[in-house]
Amino acid sequence: MEEPGRPSDPGAPMNYGIQISASGALASIHQQDALSANLANINTAGFKPVLAGTMFREAARQEDGLMNMPSDALLERLGGGVFAAPTIIDFTQGTLDLTGNTLDLAIQGDGFFGVGDPSNPSLTRDGRFTLNSEGVLVMSSNGTPVLSEDGGEIKLDLNYEIEIDSQGVIYQGGAEVDRLMIADVADRSVLKKHGHGQFVSKYGQPLDLIGAVGLVKQGAIEESAVNEVDALMKITAASRAAQGNIGMIQMQNSLNDRAINTFGRIS
């Protein structure tokens, strides 16, 4: 379908520049929002930032495969502007912070803790755990149950010291009492954020979990993977890009107004 202002429209020369600038402004604002969300979670344990960018947009005929439509060959060389690229989660590991707390856990290397619904576990790198009133191991942030290797809840006795080894095996009184679910997925592009540091399948179905190679470290948590300086620089760049495109829209709108009024009087 033909889009107004794109180079298959007889009126395109008048407003095509505005359309291109508008696409750039919208894409830059989207990028700025995504990067600002990263920066807001600079102190969130286990947080993974998103990578936000833009994609070049072809002119209408190329994009829609309508090569028989009339167009302006010169304008087509400009393309169709840009649009926001799909955001990608950056799973780079954050720095491990030693806390000394028994139920603070981190994973050194690849892998996630399994939490939530045993029939459809969520994954998280936020290892700030605690015991609820029933002795069930849960996430400190929202009380979501931490799952054992077999998918069940993990109940521990407060009267005994808790030790957890690098493989996620939990010991009390020198005896093994349970084992944490430490899992991964073969293709992390299927993951989406689900709130409270959790990840689920973007397709709404249970994840196909595989074993993880990372090692559990007791008495530590993984810090946010956001680089504060890098995030600030990218936000500033996106803001300038948006402002530049908005300025171009205003300038082109002014030129169009002058042209219409001037030639309107002459005619």
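Can you divide the C-alpha Rg of region 96-222 by 2.2 N^0.38 Å and report the result to two decimal places? Before the final figure, lay out the partial values.
Values: Rg = 13.7 Å, N = 127, 2.2 N^0.38 = 13.9 Å.
Cα Rg divided by the expected 2.2 N^0.38 Å: 0.99.
How large is ³J(HN,Hα), in whole Hz, for each residue of region 201-207 in order, when computed from phi with the Karplus curve 6.51 cos²θ - 1.76 cosθ + 1.60 and θ = phi - 60°, using x for Gly and Pro?
After applying 6.51 cos²θ - 1.76 cosθ + 1.60, I find 6, 5, 9, x, 10, x, 6 Hz.
What longest region of the chain stays clear of trypsin sites (Lys or Arg not before Pro) that DSSP places outside H, G, I, E and B and that have at most 14 other Cβ atoms within 10 Å? Intermediate results must be reported in sequence, preceding the final value.
Numbers: sites that count: ARG77, LYS202.
Longest gap between qualifying sites, sites excluded: 78-201.
Which of the listed residues, SER201, GLY219, GLN172, is farthest toward the dipole's positive end in region 166-267, when Lys, Arg count +1 and Asp, Glu count -1 at the beta-carbon?
Going by the Cα projections, it comes out as SER201.
Straight-line reach only, C-alpha to C-alpha below 17 angstrom: list the lysines that LYS192 could link to, leaving out same-chain residues fewer than 8 apart.
The qualifying lysines are LYS48, LYS202.
Would you mind ranking PHE129, PHE56, PHE83 by Cβ crowding within 10 Å, fewest neighbours first? It would help to have the intermediate numbers written out before the result.
Working: PHE129 23, PHE56 10, PHE83 14.
So the residues, fewest neighbours to most, are PHE56, PHE83, PHE129.
Between SER254, SER28, SER224, find the one with the highest GNM mean-square fluctuation for the chain; connect C-alpha pairs within less than 10 Å.
Checking each option, the largest mean-square fluctuation is seen for SER254.
For region 177-187, just list the computed ³J(HN,Hα) in residue order, Karplus coefficients 6.51, -1.76 and 1.60, θ = phi - 60°, integers in Hz, with x standing in for Gly and Pro.
Couplings: 10, 5, 9, 5, 7, 10, 9, 8, 10, 5, 10 Hz.
Give or take rounding to whole Å, what are the principal axis extents of the alpha carbon atoms in the chain, in descending order?
95, 37, 29
Could you give the dipole magnitude of the chain about its Cα centre, charging the beta-carbon of Lys and Arg +1 and that of Asp and Glu -1, in debye to the nearest 20?
Values: 18 positive and 33 negative charges, 288 e Å.
Once rounded to the nearest 20, the dipole reads 1380 debye.
Mind pulling the angle between the C-alpha long axis of helix 12-40 and the longest principal axis of the chain? Nearest 10 degrees, somewhere in 0 to 90.
20
What do you get for the angle between helix 228-266 and the principal long axis of the chain? Use alpha-carbon atoms, 0 to 90 degrees, nearest ten.
For 228-266 against the chain, the angle is about 20 degrees.
Show which lysines lie in cross-link reach of LYS155 when reach means a straight Cα distance below 24 angstrom and same-chain residues fewer than eight apart are skipped.
Of all the lysines, those that pass the test against LYS155 - Cα under 24 Å, at least 8 places apart if same chain - are LYS217.
Is it possible to state the helix-based mean residue ellipticity at 222 nm for the chain, with each DSSP H run of 4+ residues giving -39500 (n - 2.57), the sum divided by total residues, to the nearest 500 deg cm²/dmol? What is it? List each step's numbers first, then the result.
Values: 4 runs with 77 residues, N = 267.
For the chain, the value works out to -10000 deg cm²/dmol.
Please report the net charge: other residues with Cβ closer than 15 Å to the Cβ of SER28, K and R +1, D and E -1. Working shown, then result.
Values: positive: ARG57, LYS234, ARG240; negative: ASP33.
Summing Lys/Arg as +1 and Asp/Glu as -1 gives +2.
Where a number appears in this text, it was derived from the coordinates with a stated rule and is not lab data. Note that the structure is predicted; figures quoted are calculated from it, not measured. Cβ coordinates were reconstructed from backbone atoms using ideal geometry, including for glycine residues, and neighbour counts include every protein chain displayed.
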